[in-house]
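What follows is a single structure, written as structure tokens, with notes after it.
The values are calculated or read from the model by the stated rules, or taken from the named source; none is laboratory data. This one's a predicted model, so the numbers in the text were calculated from it and none came from an experiment. When we count neighbours, we look across all protein chains shown, and the Cβ atoms used for this are built from the backbone with ideal geometry, even at glycine. Side chains included, ligands, DNA and RNA excluded: accessible areas come from the protein's heavy atoms. Shrake-Rupley method; radii C 1.70, N 1.55, O 1.52, S 1.80 Å.
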Amino acid sequence: MPLVDIHVIEGVFTPQQKQDMIEKVTDTMVSIEGEAMRQVTWVRIHDVASGQWAIGGKALTTADVHALAAE
């Protein structure tokens, strides 16, 4: 029973994008493990508060991620 945790900064992804992540990650795991495992493949999305996620010692905010995506 695989469990996949995805951590994202809150406010970056829409509910539909999160649903797409869940479906695509599930499909990827099933492609590796076999269709019989679909019903026991768990995917959880965790929202991390804006500013509580850091890379290279710099905290990232929702606005920072949107700016990166716009580049």
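Below, the figures for the structure above:
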read-out: Residue in the range 2-11 that is modelled with pLDDT of 95 or more, outside any loop (DSSP other than H, G, I, E, B) and of a type in the set (Gly, Ala, Ser) present; value: no
read-out: Close pairs (7 angstrom Cβ cut-off, 6 or more residues apart or separate chains): free of Cβ contacts under 8 Å to residues at least 24 places away in the same chain in the range 51-71, surrounded by 14 or more Cβ atoms within 10 Å (Cβ to Cβ) and among the β-branched types (Val, Ile, Thr) anywhere; value: Gly51/Thr61
read-out: Members of the range 29-62 that are assigned to a helix (DSSP H, G or I) and open to solvent by less than 70 Å² (accessible area, probe 1.4 Å); value: Met29, Val30, Glu33, Met37, Val40, Thr62
read-out: Close pairs (8 angstrom Cβ cut-off, 6 or more residues apart or separate chains): at negative phi in the range 13-27, in a loop (DSSP other than H, G, I, E, B) and open to solvent by 60 Å² or more (accessible area, probe 1.4 Å) anywhere; value: Met21/Phe13
